[in-house]
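The values are calculated or read from the model by the stated rules, or taken from the named source; none is laboratory data. Only a predicted model underlies this, so the values are computations on that prediction, with no experimental measurement involved. Cβ placement follows ideal geometry from the backbone for every residue including glycine, while neighbour counts extend to all protein chains displayed.
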Amino acid sequence: MTMQVVQWADIFTRSRYCNTVAASLNYCTKEKGLEIYAYAIMSNHMHIMARAKESNLSDVVRDFKRHTSKQILKSIQEEPESRREWLLRIFKEAAAGHKRNQQYQVWTHENHAEEVYSPKFTLQKLNYIHNNPVAAAMVDHARDYRYSSARDYAGEKGLVDVVVLNLHPMMT
């Protein structure tokens with residue numbers, strides 16, 4: 001699944017917003033039965049391969065987006081942020097375009113989801129997610145990107161609790 005920020009605003013260039021997302025993902029694994037197999041938080045979107053063990057995945061994603069939106073907006077408004085006015089304007093304009101929003105909208109309403117149906121396709125998606133920061137020239141090696149599960153697949157502990165799939169060969 002790919003979730004993007006409205007107008008592709010590059011909010012996740014700040015570690016505090018990435019940390020908000022990571023903490024919320026961990027909460028969802030512990031409290032909402034989310035099982036995460038892979039993720040990468042990019043500058044303006046995130047990729048995640050996951051399933052909900054006990055509930056509807058759509059409900060978990062909706063709650064995740066709602067919570068992270070509130071936390072990110074609170075941080076923008078209360079902590080130092082050089083792009084505060086610009087970000088709030090973008091989020092306000094996005095909210096104005098949808099009647100189900102309140103004052104601001106951080107995430108788009110769409111979740112570009114694909115069902116993972118075979119080991120080969122799963123491996124392809126894992127490699128795509130993990131190599132996204134490499135393709136964006138953020139790091140030279142996928143395992144070096146802090147906000148990705150590639151570290152977990154390289155035998156290190158990442159920021160988010162993930163279930164490592166055994167689908168060799170892995171590209172890290």
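Quick notes
So that you can scan it fast, the table gives a plain yes or no per residue for (1) buried (at least 20 other Cβ atoms within 10 Å of the Cβ); (2) of a type in the set (A, V, I, L, M, F, W, C):
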| position | (1), (2) |
| --- | --- |
| 80 | no, no |
| 89 | no, no |
| 105 | yes, no |
| 135 | no, yes |
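- First in region 65-84 and over 15 Å from residue 22 (Cβ atoms), second anywhere and β-branched (Val, Ile, Thr), Cβ under 9 Å, 6 or more apart: 69/106; 70/106; 73/106; 76/11; 83/11; 83/76; 84/76
- Residue within region 45-55 that is among the acidic types (Asp, Glu), out of contact with any His (no Cβ under 9 Å at 6 or more places or on another chain) and surrounded by 13 or more Cβ atoms within 10 Å (Cβ to Cβ) present: no
- Exactly one residue out of 13, 29 is within 16 Å of residue 149 (Cα to Cα) and either buried (at least 20 other Cβ atoms within 10 Å of the Cβ) or out of contact with any Lys or Arg (no Cβ under 8 Å at 6 or more places or on another chain) (or both): that is 29.
- Pair list, Cβ < 6 Å and 6+ apart or interchain, from region 41-54 residues that are under 20 Å from residue 123 (Cβ atoms) and among the β-branched types (Val, Ile, Thr) to residues that are assigned to a strand (DSSP E or B) and at pLDDT 95 or above: 48/39
- Residue within region 102-114 that is of a type outside the set (A, V, I, L, M, F, W, C), more than 20 Å from the chain's Cα centre (by Cα) and over 19 Å from residue 22 (Cα atoms) present: yes
- Meets criteria (polar (S, T, N, Q), surrounded by 18 or more Cβ atoms within 10 Å (Cβ to Cβ) and out of contact with any helix residue (DSSP H, G or I) (no Cβ under 6 Å at 6 or more places or on another chain)) for residue 69: yes
- Boolean, residue 69 is polar (S, T, N, Q) and modelled with pLDDT under 95: no
- Residues of region 109-150 that are modelled with pLDDT under 95 and in a loop (DSSP other than H, G, I, E, B): 109, 110, 111, 113, 114, 115, 116, 117, 118.
- When restricted to residues that are over 19 Å from residue 102 (Cα atoms) and polar (S, T, N, Q), region 58-82 contains 2.
- Picking from residues in region 147-172 that are within 17 Å of residue 36 (Cα to Cα) and out of contact with any helix residue (DSSP H, G or I) (no Cβ under 8 Å at 6 or more places or on another chain), the one that is surrounded by the fewest Cβ atoms within 10 Å (Cβ to Cβ) is 166.
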